[in-house]
1. Quickly run through the stretch 64-95 and pick out the residues that are assigned to a helix (DSSP H, G or I), surrounded by 17 or more Cβ atoms within 10 Å (Cβ to Cβ) and among the aliphatic types (A, V, I, L, M).
2. Any idea how many residues of the stretch 17-42 are part of a loop (DSSP other than H, G, I, E, B), surrounded by fewer than 16 Cβ atoms within 10 Å (Cβ to Cβ) and of a type outside the set (S, T, N, Q)?
3. Quick one: would you say Asp68 is in contact with a helix residue (DSSP H, G or I) (Cβ under 7 Å, 6 or more places away or on another chain) and over 22 Å from Phe118 (Cβ atoms)?
4. Kindly provide the set of residues from the stretch 1-16 that are over 14 Å from Ile76 (Cβ atoms) and in a helix (DSSP H, G or I), ordered by number.
5. Please go through the stretch 1-20 and give me each residue that is free of Cβ contacts under 8 Å to residues at least 60 places away in the same chain and of a type in the set (S, T, N, Q), ordered by number.
6. Need the failing condition index for Pro127 against (1) surrounded by fewer than 20 Cβ atoms within 10 Å (Cβ to Cβ); (2) modelled with pLDDT of 95 or more, just the number.
7. Being crowded, with 19+ Cβ neighbours inside 10 Å and touching a residue at least 60 places away in the same chain (Cβ under 8 Å) is the filter here; which residues of the stretch 47-58 pass it?
8. Scanning for something modelled with pLDDT of 95 or more and assigned to a helix (DSSP H, G or I), does the stretch 56-63 turn up at least one residue?
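The values are calculated or read from the model by the stated rules, or taken from the named source; none is laboratory data. Predicted model only: the values in this text are computed from it and were never measured. Here the Cβ positions follow ideal geometry from the backbone for every residue, glycine too, while neighbour counts run over all protein chains shown.
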Amino acid sequence: MAVTYALATEMVYKAGNNVNSTATGAAYTLAFGLMAESVINTESGYNWSDWYTALGGTSPDVAHILIDAATNLGAIYIINYDMSGFTNIQEAVARINTLYQMYQNDLKLLKEQRAKDFVRTGGGVYP
């Protein structure tokens, strides 16, 4: 199984410096990406993976929200894997807290029925 919108490169960028290099490897980012997408799809009650595959290219504004949400969560997984490389624990926690807030903001949009309607109508007028 492959990830759809939880892009590994962006996850690693967001995790930043001092993360464990094992956690940024292909097998780990694949696993973290699959978990992130499953959480987002389940929490929002919508199969964004199928939507992204079929329509992500035609609605880049929504596609980038998905990418942002998934890579924020994936970066949290990378940081949480091993925090021993950070200067102190507060550095790691501050990154996690920032990424988590951004993830929550994205997920709030993805959970709203209005946002799902926006996606289905291709960004057309909301009824």
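1. Result: Ile65, Leu66, Ile67, Ala69, Ala70, Leu73, Ala75, Ile76, Ile78, Ile79, Ala92.
2. Pass one, the stretch 17-42, residues part of a loop (DSSP other than H, G, I, E, B): 17-21, 25.
Checking which are surrounded by fewer than 16 Cβ atoms within 10 Å (Cβ to Cβ) leaves us with 17-18, 21, 25.
Going one step further and asking which of them are of a type outside the set (S, T, N, Q), we end up with 25.
Counting residues in the stretch 17-42 that are part of a loop (DSSP other than H, G, I, E, B), surrounded by fewer than 16 Cβ atoms within 10 Å (Cβ to Cβ) and of a type outside the set (S, T, N, Q) gives 1.
3. Numbers: in contact with a helix residue (DSSP H, G or I) (Cβ under 7 Å, 6 or more places away or on another chain): yes; over 22 Å from Phe118 (Cβ atoms): no.
Answer is no for this residue.
4. Within the stretch 1-16, the first condition is being over 14 Å from Ile76 (Cβ atoms), and the residues that meet it are 1-5, 7-9.
Residues satisfying the conditions are Ala8, Thr9.
5. Residues satisfying the conditions are Thr4, Thr9, Asn17.
6. Condition (2) is where Pro127 drops out.
7. Correct list: Trp48, Trp51.
8. No, there is no match, as no residue in the stretch 56-63 is modelled with pLDDT of 95 or more and assigned to a helix (DSSP H, G or I).
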